[in-house]
Amino acid sequence: MDENELLEPSTFRDRISNITEDGSRKWIYALKPKGNWYKYRIIFAVLYLIAFFAMPFIKVNDMPFILLNVVEGKFILFSKIFWPQDFFIFAVGMITFIIFIVLFTVIYGRLFCGWVCPQTVFLELVFRPIEWLIEGTPNQQKKRNEGPWNTDKIVRKTLKHVIYFLISFLIAHTFLAYILGIDEVYRLIREPLSGHLSLFAGLIAFTLLFYGVFAFVREIVCTTICPYGRLQGVMFDKNTMQISYDYKRGEPRGKFKKNVERTDGDCVNCFKCVQVCPTGIDIRNGVQLDCVGCTACIDACDEVMDSLHMDRGLIRYASENQIITGLPFQFTNRVKAYTALLIGLMLGMGILIWNRRSVDTFISRVKGQTYQETEAGKISNLFEAKVLNKTIKDKKIRFALEDHQGNFRFIGTDTLIAKKEMINDFTFFLDLPKEEISERSSNLKISVFADEEKVQTIKTKFLGPFK
Ligand code: SF4
Ligand code: SF4
């Protein structure tokens, strides 16, 4: 791409970078970045992709590490099943997530978009590198796109799109494994397709969705569709860290002339930062919503600065105030406080999840029943217990009184087995000797054991005769 084709500086306020004056799409041919940030992003992306594809295979105690079955409303996080009864954890989690997103964005800008968002990671570090490999540099791609459909073009385009489709197919399967679990996906793959036609149709629909996004829609997701991207404007302030052009140092920009003393700023107007930008913007126009914080322009500019023996960092991570004052990025008290709050929120959520019971019991007296006197002269109350076994194994349940003497008489069973992944109902009489009862309504504590491990203490009331 020559610089005449790049966005004119004055147009960035009128339209987004990938739209031409007549409203049609302008295809972005991004140059491959080179430099330290790109290396860090490759390392991060490799670890990220390993985690993404490996996660559905990970099991702890025979339980998937993560399962997000939105169809059946079954969720497993960190190998713990979450039930509708755990809804409050989800509610707290959602609130924590929203606060986290706002605070994180206020401090660190679009760090998430550039480094963690699957759209950016897959597009910039999987799909676009494949395109560079098969179709060559942006200039070669553009020439080929505008040229006739010869053998070279047909072969390269077919190869690229087949690979894109296969990767999209793999991503769709991985998402399916996150939803149904890897064992279920294996089972479905082995069984005849005719038995799962609707599921297969859904899988193909998602494959086509991913393929369409990564092959054609691309940066439009970030510049137009993504709601998080659109919200950035209200979350940024002058201290938000973002990819910034140091206009104080760079302006007035002017071409570099060998052996001529430079009177302009450090920007030599080489347009390298624009050529590498995957959303096609010119970061020198200031902070723009279209910037996904990918750091490609930092690398491009640093390379130019190195070649001209100028200091790096004309484009760098910096807040607006840092560019104005010229001070480096500092962990101010505000950043420290927000970061501490973010860590606190994450720890709080972690503790909430960790302390969540995997066998949850509710015991209450049967409504409308009062006490009875047994033939043995004891006072008896009828109770019902609901034992929610959130694990994938049946559990042997035992109840014991904590600070009273008495015995349990279960109706219809002698051995309490709480079936896996179910709410189990039990009804029982609790008999207490008269001398154990001092009031009309006595407080009782019942210990609940699952496989002989104490999992809960339940407080309830026991009715007796007036004293
Ligand atoms: S301006 Fe720089 S950081 Fe922002 S999207 Fe473009 S290349 Fe990436
Ligand atoms: S890469 Fe650096 S020197 Fe070149 S145009 Fe961009 S800001 Fe200016």
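Some points to look at:
- In sequence order, segment 96-107 has phi-based couplings of 4, 4, 5, 4, 4, 4, 5, 4, 4, 5, 4, 8 Hz under the Karplus curve 6.51 cos²θ - 1.76 cosθ + 1.60, θ = phi - 60°, and Gly or Pro positions carry x.
- Under 11 Å from the Thr332 label point (7 Å along Cα→beta-carbon), backbone N, segment 231-264: 237-241
- Working from label points 7 Å from Cα in the Cα-to-Cβ sense, the Lys386 to Glu191 distance is 3.1 nm.
- Loop trypsin sites (Lys or Arg not before Pro), segment 363-401 (other Cβ atoms within 10 Å of the site Cβ: 15 or fewer; DSSP): Lys367, Lys393
- Across the chain, the longest piece that holds none of the chymotrypsin sites (Phe, Trp or Tyr not before Pro) lying in DSSP loops with up to 11 other C-beta atoms within 10 Å covers 150-330.
- Cα-projected label distance for Glu261 with Ser198, points at 7 Å along beta-carbon direction, nm: 8.0
- Comparing Cα centroids, segment 33-62 and segment 183-214 end up 24 angstrom apart.
- Whole-Å distance, taken between Cα centres, linking segment 283-332 and segment 408-467: 67
- Stretchable slack from Lys396 to Val126, in nm (0.36 nm times residue separation minus alpha-carbon distance): 92.3 nm
- Cys with no candidate disulfide partner in the chain (beta-carbon separation under 4.7 Å rule): Cys113, Cys117, Cys222, Cys226, Cys267, Cys270, Cys277, Cys291, Cys294, Cys301
- Segment 359-463 - Rg over Rh from alpha carbon coordinates, Kirkwood radius: 0.97
- Considering only alpha-carbon pairs that sit under 8 angstrom and 6 or more positions apart, the relative contact order computed for the chain is 15 percent.
- Whether segment 1-136 is rounded, prolate or oblate, judged on the alpha carbon gyration tensor where a/c under 1.5 counts as rounded: prolate
- Evaluated at q = 0.06, 0.09 Å⁻¹: base-10 log I(q)/I(0), Debye formula over Cα of the chain: -0.45, -0.79
- Sites listed here are GluC sites (Glu not before Pro) in segment 369-467 whose DSSP assignment is loop and whose Cβ has at most 16 other Cβ atoms within 10 Å: Glu375, Glu402, Glu421, Glu439, Glu452.
- Amide hydrogen neighbours beyond the local backbone of Gln456, cut-off 5 Å, H modeled: Val448
- Val155 versus Gln85: modelled label distance in nm, points set 7 Å from Cα along the beta carbon direction: 6.4
- Local net charge near Ala450, Cβ-Cβ under 12 Å (Lys/Arg +1, Asp/Glu -1): +3
- Once the Cα atoms are used to define both axes, helix 197-212 deviates from the longest principal axis of the chain by about 30 degrees.
- The relative contact order of segment 359-463 comes to 32 percent, based on Cα pairs under 8 Å that sit 6 or more residues apart.
- Residue exposure sequence - His161, His404 - by fewest surrounding Cβ within 10 Å: His161, His404
A short reminder: the numbers here are calculations on the coordinates, not readings from a lab. As the structure is a computational prediction, the values presented were derived from the model and not from experiment. Neighbour counts are summed over all protein chains in view; Cβ atoms, including those assigned to glycine, are modelled from backbone coordinates with ideal geometry.
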